[in-house]
1. Only residues that are open to solvent by less than 20 Å² (accessible area, probe 1.4 Å) and either at pLDDT below 95 or of a type in the set (Asp, Glu) (or both): list them for segment 37-61, please.
2. Condition first: touching a His at 6+ places or on another chain (Cβ under 8 Å) and either in a loop (DSSP other than H, G, I, E, B) or at positive phi (or both). Now tell me which residues in segment 72-99 satisfy that.
3. Condition check: at pLDDT below 60, open to solvent by 40 Å² or more (accessible area, probe 1.4 Å) and β-branched (Val, Ile, Thr). Does THR27 satisfy that?
4. So, in segment 62-75, of the ones that are buried (at least 18 other Cβ atoms within 10 Å of the Cβ) and of a type in the set (A, V, I, L, M, F, W, C), which residue ends up nearest to LYS124 (Cα to Cα)?
5. Quickly run through segment 95-113 and pick out the residues that are within 17 Å of ALA64 (Cα to Cα), out of contact with any Gly (no Cβ under 6 Å at 6 or more places or on another chain) and not small (Gly, Ala, Ser).
6. Return the residues of segment 90-125 that are closer than 18 Å to ASN51 by Cβ and open to solvent by 30 Å² or more (accessible area, probe 1.4 Å); say none if nothing qualifies.
Amino acid sequence: MFKKGLLFVMLLTTFAFAAVACGGGNTSEPAPAENGGQAPEEGATGGDAGNAEATSLYNANCMACHATDLAGGGNFPSLQNVGSKYDAGEIAGIITNGRNGMPAFQGKLTEDEINVLSQWLAAKK
C-alpha cells in the first residue's frame, strides 16, 4: 500500500513539474538547459538563430517543452521544420490560443512578441 501511495505522489509531482515548465512558470527567466539556456546556434535548426529577440523569447517561453534544439520530445512536438507545415500567421494563432496540450500565450506575450516568435519559427523549414 505504501509503495502505491509513493508512486502516486511521484507521478503527481512529475505532472505538476511538466505543467509548470510548459507555460505555468515565470516567463521572465529562461528555462535552464544543457547549453546554458541558449537557443541553438545557426545551422542547428536550419533557420536564423541570430535574431536575439526571437531566441530570447524562445528561451524564456518555449525551450522547456520544445528543447534547446527545437526537437521536442515525448508529447511535445518538434519545431525544427515547423515553417514547412505552418505559415507565420498559423504559428501566431497556435502561440496565441494554445493547442492540444500547449498553453495559450495570449496575455503572457504581447502581440509583437508573438509576431517576432512566429516569424522566426516560420523560417524553420
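The values are calculated or read from the model by the stated rules, or taken from the named source; none is laboratory data. The structure displayed is predicted, hence computed values, not measured ones. We place every Cβ from the backbone using ideal geometry, glycine too, and count neighbours over all the protein chains shown. All accessible areas refer to the heavy atoms of the entire protein, side chains included, with ligands and DNA or RNA removed. Shrake-Rupley method; radii C 1.70, N 1.55, O 1.52, S 1.80 Å.
1. If the condition is that a residue be open to solvent by less than 20 Å² (accessible area, probe 1.4 Å) and either at pLDDT below 95 or of a type in the set (Asp, Glu) (or both), then GLY37, ALA39, PRO40, THR45, GLY47, ALA49 are the ones that fit.
2. Initially, segment 72-99 is screened for residues touching a His at 6+ places or on another chain (Cβ under 8 Å), giving 72, 76-79.
If the condition is that a residue be touching a His at 6+ places or on another chain (Cβ under 8 Å) and either in a loop (DSSP other than H, G, I, E, B) or at positive phi (or both), then GLY72, PRO77, SER78, LEU79 are the ones that fit.
3. Working: at pLDDT below 60: yes; open to solvent by 40 Å² or more (accessible area, probe 1.4 Å): yes; β-branched (Val, Ile, Thr): yes.
Answer is yes for this residue.
4. Restricting attention to segment 62-75, the residues satisfying the condition of being buried (at least 18 other Cβ atoms within 10 Å of the Cβ) are 62-70.
Applying the additional criterion that residues be of a type in the set (A, V, I, L, M, F, W, C) yields 62-65, 67, 70.
On the way: CYS62: 15, MET63: 15, ALA64: 18, CYS65: 17, ALA67: 15, LEU70: 10 Å.
Among residues in segment 62-75 that are buried (at least 18 other Cβ atoms within 10 Å of the Cβ) and of a type in the set (A, V, I, L, M, F, W, C), the one nearest to LYS124 (Cα to Cα) is LEU70.
5. Once the filter is applied, which keeps residues that are within 17 Å of ALA64 (Cα to Cα), out of contact with any Gly (no Cβ under 6 Å at 6 or more places or on another chain) and not small (Gly, Ala, Ser), segment 95-113 yields ILE95, ARG99, ASN100, MET102, PHE105, LYS108, LEU109.
6. Once the filter is applied, which keeps residues that are closer than 18 Å to ASN51 by Cβ and open to solvent by 30 Å² or more (accessible area, probe 1.4 Å), segment 90-125 yields THR110, GLU111, ASP112, GLU113, ASN115, VAL116, GLN119, ALA123, LYS125.
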